[in-house]
Amino acid sequence: MNPIIIAVVVLAIVGIVAGLILYYVAEKFKVEEDPRIDQVEEVLPGANCGGCGYPGCRQFAEALTRTDTLEGYFCPVGGNDVMARVAEILGLEAVEKEKQLAVVRCAGSYEFRPVTNEYDGPANCAMEHALYSGHTECQYGCLGHGDCVAACEFDAIYMDPVTNLPVVVEEKCTACGACVEACPRDIIELRPVGKKSRRVYVACVNEDKGGLTAKACKVGCIGCGNCEKACEFDAITIENNLSYIDPAKCRLCRACAPVCPTESIWELNFPVRRAIPSNKVKPKKKPTA
Amino acid sequence: MSEYKLLTFPKGGVHPPENKLTADLAIERFPLPSKVYIHLQQHIGVPAQILVKPKDRVRTGQLLAQAQGFVSANIHSSVTGTVFKIDEIYDASGYRKTAIVITPEPEDEWVEGIDTSDDLKADIGQFSSQEIIQKVKDAGIVGMGGATFPTHVKLSIPDGKKCDILIINGVECEPYLTSDHRLMLEKTEEILVGTRLLMKALNVDRAVIGIEANKPDAIGKMTEAAKKYEGITVQALKVKYPQGGEKQLIKAITGREVPSGGLPIDIGAVVQNVGTTFAVYEAVMKNKPLIERIVTITGKDLDHRGNFRVRIGTMVKDIIDYVGGLPEGTGKVVLGGPMMGKATKTLEVPVGKGTSGILLMRREETKRKKVLPCIHCARCVTACPQGLEPYLIMSLAERGIWDKAEEAHAQDCIMCGSCSYVCPSNRPLQDYTQFARNTVMSIMRARKKK
Amino acid sequence: MENKLLVSYSPHIHDDSASVQRIMLDVILALLPAVLFSFYLFGIGAIIVTVVAVASAVLWEWLIAKYLLKRQPQIWDLSAALTGLLLAMNVPSNLPVWMILVGTLIAIGVGKMSFGGLGQNIFNPALVGRVFMLISFPVAMTSWPIPLKSRMHYLDAVTGATPLGVIKEGVRNGEKISDLMHQIPSHMQMFYGIMGGSLGEMAALLLILGGIYLLIRKVITWHIPVSIIGTVFLFGGLLWLMNPEKYPDPLFQILTGGVMLGAIFMATDYVSSPMTPIGKLIFGFFIGILVVIIREWGAYPEGVSFAILIMNAFVPLIDKYTKPRVFGTKKMKKQN
């Protein structure tokens, strides 16, 4: 017989036998899984960002199929739409959550916050923070090495080359919280998107006394309390020489911003005011890319 | 040096240029500054609790703040004067910490009972072990080699452990620093009395004073003086950094290894620095609390270098002004030695109990060079005295893989800096290893708590 | 930024006596006597091959870094120049220019840059280039100009066989070693380097001198060269004792071919060799075994390149199992 034919036949037989063995093994050792895991995973975004608190979407899906209530489970990337579909698959009640966005609470570009030292180590915020208080007088502000940028899976944050501060791209931000986690200075906060994407917040986390803050940074919150007095809705509290605007109480009336002597209150996506506050030019309008 | 058998630790180590520019300069007394700034936390552990308020008049040696809890140390006034204010003052990391600011009077008025004479008091007979430890505790003594661990805690041996050897660390393997060297030359007898006090406190009959072979005068003098006392010997050690690391020193002298994650007492050894030993002598025999220390002020461009006896709380800036101001081209001011010292953010930092030196470095001497890729030359692996693989720990730390970093024993790093020192690619190995060490240790602590 | 105080982690000093550039320069300097000697032996051909190899290796590195990887080329670390030089040392002196260009392109492009550049490559780049050429151009790569015979000729140099080739061919034809020995140079001649072969395989003496220089400069440690040469000597000697008519004597084994060059300059490449002394000894031992096996039972008369490349692949494994002992772990011996 032709050796080619022999070779073909032999190979075919080997192939068939091997295929049968594989089929048998696959059937025999099949792992029974909840089929809903696949379905849930299907509707999840698949970014594996960890914003839900689980290592990846698959693990989150597994956790979802095991739970009896969706309270405390949320995919910040997919948002309410995705969670509603998950609830449908699992036959559970959907829990709505307000959509959030990351905001950067530091406005201290080098123009306003003089550099005091030259950091001569790896360009990594966590490491510089662990070593000392940073290369400016402010021991709370942004270090500018972009740990948040490295942590973002969605390209939703970048370092502004002019200010050397991170900027959040609102359209891309999914509020997964990776940057909040990555920032050693806790500068980034997740805040509700707000009506028409309008937000008012204090762009400073400096808890030093007013004098020290003012010395370190021209746009730092000195805790003077003007904003607290101006607010009619009790949304502003001053604690540790630092003002904080509670997004749940804030009605976006914008009474606080003009009274801030250091212009550390930022208003995003509002129409331009008619009369610009008297004091100097401000770094106020954050570029929204 | 042939008469000495030089001991050393077996693995790793480097030979940085010694640069002991101030070795021949006798200890000078540093004048009283116009203000002293005394931090409440000059030790590892809980900050001390403040006992004075502004406008109070305090005398030299008076207790300003009381130790809180077990791992903590008393803080005393280093001058006589008026409490100016209690304020937040920079530490070397640039963070502001609570400190007592005192305006000194020109003349010291010592708290009664403190013997300020230079007379040697050598009769230790009347003190019991408990009394010695209590006096050390009252005097606020901490490890003066730089670790600032409260000494009385180290002297209180936990139940079930036994100490059989006391090691006095006179190695001073850090380049530039000479404060311990000068102390051994000028206060030889006092250090030996201090050693005997520590032996008594620990209830051991054997003490070894380890000195690096680059200080033959100190070895000679200490050996001669130690002959009088039974159980105290001087051991010369090979010149190799980090010979003065606690674990390396114990290994060199006793051949024992502190187990990974353990303490020297686990293998029956206690190590004290010669500066601490001298402070113990003063505390017990002279009732003098820890209010001053020897600080080496040095740098290649500095004219008025020296070993100064400085009051705790003196600003680094005042000291630098006194020795002629910051020389041009200074790039870095290091508190401590060049291998393990801390680069200070600002000169407005007071000298603390652990400040062994102030080193002014030229910019070109210390500025780091461009980081190149790792070429796997294994120099860091060879240099590491702890048997770690710094290149590996660095790459794990860069990617934040902490469980693997723990498997690679990042937590066993002693932060000696040998790896960064030898790296031909100028890689910041120590930076990452230190970061990994601290991260892994906090993960381990958190796990233990659970 | 000029008057700002620097802040960084410790240590604040650095040993500047060893930099990547200095290390590469040291290796090049150590090779230099052997290079000059090869110029003397092979004349113009050797000069052309060396210059072309070094220049093209540097050029490829620069082009690939700049235009393919889009990053700052690092040619001044001299690593590409060294790769080029080592490749030149591993080829015959009558190799056409275009083949050398292909060889260095493979060495730099495939052997080094495709892995991510300096420090990332698993295999020794020069050997990747060399083996590629050996397989692609077997005739050109194994026609060896006869030393001192045709110094003014390049491509048209008079060629002959290497001692290893003579022995392999002879033994394969059933001849006895003792009959073959007078066809090849004496041991002393081989030691001084008067024999056929590639540029850098010549003078054992000069290569050993270079090795001693590297040891003094602490660029390499003794472990890899000694273990390779020792293993080849012992294993080769064992075979020779069993049958001196079939297997050549151990001195012949270590003096011919690329053993010296490989052991001192190729296998000691940092990136593709183990980290710890024990790892290095294991690495060298297996290279030695493989060299003899390939020489005696393989298809090629020489096996140093293959042996090193094969063992390169095992380096991560060796590193994994020969970690240094961490201080304070494992049981110590009885305390004193």
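The values are calculated or read from the model by the stated rules, or taken from the named source; none is laboratory data. Predicted model, so just to flag it, every value in this text is computed and none were measured. Note that each Cβ is placed from the backbone with ideal geometry, even for glycine, and that neighbours are counted across all protein chains shown.
A compact table of results
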| quantity | calculated |
| --- | --- |
| Qualifying residue in the stretch B:252-269 (condition: surrounded by 21 or more Cβ atoms within 10 Å (Cβ to Cβ), of a type in the set (Lys, Arg) and over 22 Å from B:ASP24 (Cα atoms)) | no |
| Pair list, Cβ < 7 Å and 6+ apart or interchain, from the stretch B:376-388 residues that are more than 8 Å from chain C (Cβ to nearest Cβ) to residues that are part of a helix (DSSP H, G or I) and aromatic (Phe, Trp, Tyr) | B:CYS380/B:TYR391 |
| Qualifying positions in the stretch B:147-182 - small (Gly, Ala, Ser) and either farther than 22 Å from B:ILE253 by Cβ or crowded, with 22+ Cβ neighbours inside 10 Å (or both) | B:SER156, B:GLY160, B:GLY170, B:SER179 |
| Residue within the stretch B:263-270 that is over 25 Å from B:HIS152 (Cβ atoms), in contact with a Cys (Cβ under 8 Å, 6 or more places away or on another chain) and more than 14 Å from chain C (Cβ to nearest Cβ) present | no |
| Enumerated strands (runs of 3 or more DSSP E) restricted to the stretch A:224-271, each holding at least 1 residues that are of a type in the set (Ser, Thr, Tyr) and without any contact (Cβ under 8 Å) to a residue 40 or more places away in the chain | A:236-239 |
| Verdict on B:PRO350 being at the interface with chain C (Cβ under 7 Å from one of its Cβ atoms), under 27 Å from B:HIS43 (Cα atoms) and touching a Phe, Trp or Tyr at 6+ places or on another chain (Cβ under 9 Å) | no |
| Residue list for the stretch B:123-143, filter: assigned to a loop (DSSP other than H, G, I, E, B), of a type outside the set (Gly, Ala, Ser) and either exposed (fewer than 15 other Cβ atoms within 10 Å of the Cβ) or not assigned by TED's automatic domain parsing to the domain that holds B:LYS187 (or both) | B:ASP123, B:GLN126 |
| Candidates C:ILE23, C:ILE13, filtered to the one that is part of a loop (DSSP other than H, G, I, E, B) and either within 14 Å of chain B (Cβ to nearest Cβ) or modelled with pLDDT under 90 (or both) | C:ILE13 |
| Single residue of the stretch B:400-436 satisfying the filter (closer than 13 Å to A:PRO122 by Cβ and of a type in the set (D, E, K, R)) that is surrounded by the most Cβ atoms within 10 Å (Cβ to Cβ) | B:ASP431 |
| Any hit, the stretch B:147-161, residues being under 17 Å from B:ILE209 (Cβ atoms), assigned to a loop (DSSP other than H, G, I, E, B), assigned by TED's automatic domain parsing to the domain that holds B:ASP119 and touching a Leu at 6+ places or on another chain (Cβ under 8 Å) | no |
| Tally, over the stretch B:353-370, of residues that are in a helix (DSSP H, G or I) and within 8 Å of chain C (Cβ to nearest Cβ) | 3 |
| Neighbours by Cβ (under 7 Å, 6+ apart or cross-chain): first from the stretch C:12-24, under 25 Å from B:LEU177 (Cα atoms); second of a type in the set (Lys, Arg) and crowded, with 19+ Cβ neighbours inside 10 Å | C:HIS12/B:LYS332 |
| Filtered residues of the stretch C:5-33 (kept if among the small types (Gly, Ala, Ser) and buried (at least 22 other Cβ atoms within 10 Å of the Cβ)) | C:SER8, C:SER10, C:ALA30 |
| Selection status of B:TYR229, touching a residue at least 60 places away in the same chain (Cβ under 8 Å), among the aromatic types (Phe, Trp, Tyr) and in a loop (DSSP other than H, G, I, E, B) | no |
| Yes/no for B:GLU328 being within 11 Å of another protein chain (Cβ to nearest Cβ), assigned to a helix (DSSP H, G or I) and more than 29 Å from C:ASN121 (Cβ to Cβ) | no |
| In the stretch B:338-351, the residues that are farther than 26 Å from B:VAL258 by Cα, out of contact with any helix residue (DSSP H, G or I) (no Cβ under 6 Å at 6 or more places or on another chain), buried (at least 22 other Cβ atoms within 10 Å of the Cβ) and not basic (Lys, Arg) | B:ALA343, B:THR344, B:PRO350, B:VAL351 |
| Filtered residues of the stretch B:416-448 (kept if of a type in the set (D, E, K, R) and over 14 Å from C:SER10 (Cβ atoms)) | B:ARG427, B:ARG445, B:ARG447, B:LYS448 |
| Residue ID - nearest to B:PRO385 (Cα to Cα), chosen from residues in the stretch B:401-418 that are more than 21 Å from the chain's Cα centre (by Cα) and more than 9 Å from chain C (Cβ to nearest Cβ) | B:ALA410 |
| Selection count, the stretch C:243-287, where residues are part of a helix (DSSP H, G or I) and within 14 Å of chain B (Cβ to nearest Cβ) | 6 |
| From C:GLY196, C:GLY200, C:GLY211, residue being part of a loop (DSSP other than H, G, I, E, B) and in the same structural domain as C:ALA307 (by TED's automatic domain parsing) | C:GLY196 |
| Residue ID - surrounded by the most Cβ atoms within 10 Å (Cβ to Cβ), chosen from residues in the stretch A:114-133 that are under 19 Å from A:ALA182 (Cβ atoms) and more than 7 Å from every other protein chain (Cβ to nearest Cβ) | A:GLU128 |
| Residue check for B:SER93: under 29 Å from B:LYS345 (Cβ atoms), assigned to a loop (DSSP other than H, G, I, E, B) and away from every other protein chain (no Cβ under 14 Å) | no |
| Meets criteria (surrounded by fewer than 24 Cβ atoms within 10 Å (Cβ to Cβ), more than 10 Å from chain C (Cβ to nearest Cβ), out of contact with any strand residue (DSSP E or B) (no Cβ under 6 Å at 6 or more places or on another chain) and farther than 24 Å from B:LEU249 by Cα) for B:LYS449 | yes |
| Check on A:ALA175, under 30 Å from A:MET127 (Cα atoms), away from chain B (no Cβ under 14 Å) and within 23 Å of the chain's Cα centre (by Cα) | yes |
| Out of B:THR80, B:THR103, sole residue that is closer than 20 Å to B:PHE30 by Cα, among the β-branched types (Val, Ile, Thr) and loosely packed, with under 15 Cβ neighbours inside 10 Å | B:THR103 |
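Residues checked against (1) among the aromatic types (Phe, Trp, Tyr); (2) without any contact (Cβ under 8 Å) to a residue 12 or more places away in the chain; (3) in a helix (DSSP H, G or I):
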{"site": "B:VAL271", "(1), (2), (3)": "no, no, no"}
{"site": "B:GLY275", "(1), (2), (3)": "no, no, yes"}
{"site": "B:PHE278", "(1), (2), (3)": "yes, no, yes"}
{"site": "B:PRO289", "(1), (2), (3)": "no, no, no"}
{"site": "B:THR296", "(1), (2), (3)": "no, no, no"}
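Here's the yes/no breakdown for (1) within 14 Å of chain A (Cβ to nearest Cβ); (2) outside any strand (DSSP E or B); (3) of a type in the set (Asp, Glu):
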site: B:ILE38; (1), (2), (3): no, no, no
site: B:ALA73; (1), (2), (3): no, yes, no
site: B:VAL79; (1), (2), (3): no, yes, no
site: B:LYS85; (1), (2), (3): yes, no, no
site: B:THR116; (1), (2), (3): no, yes, no
site: B:LYS121; (1), (2), (3): no, yes, no
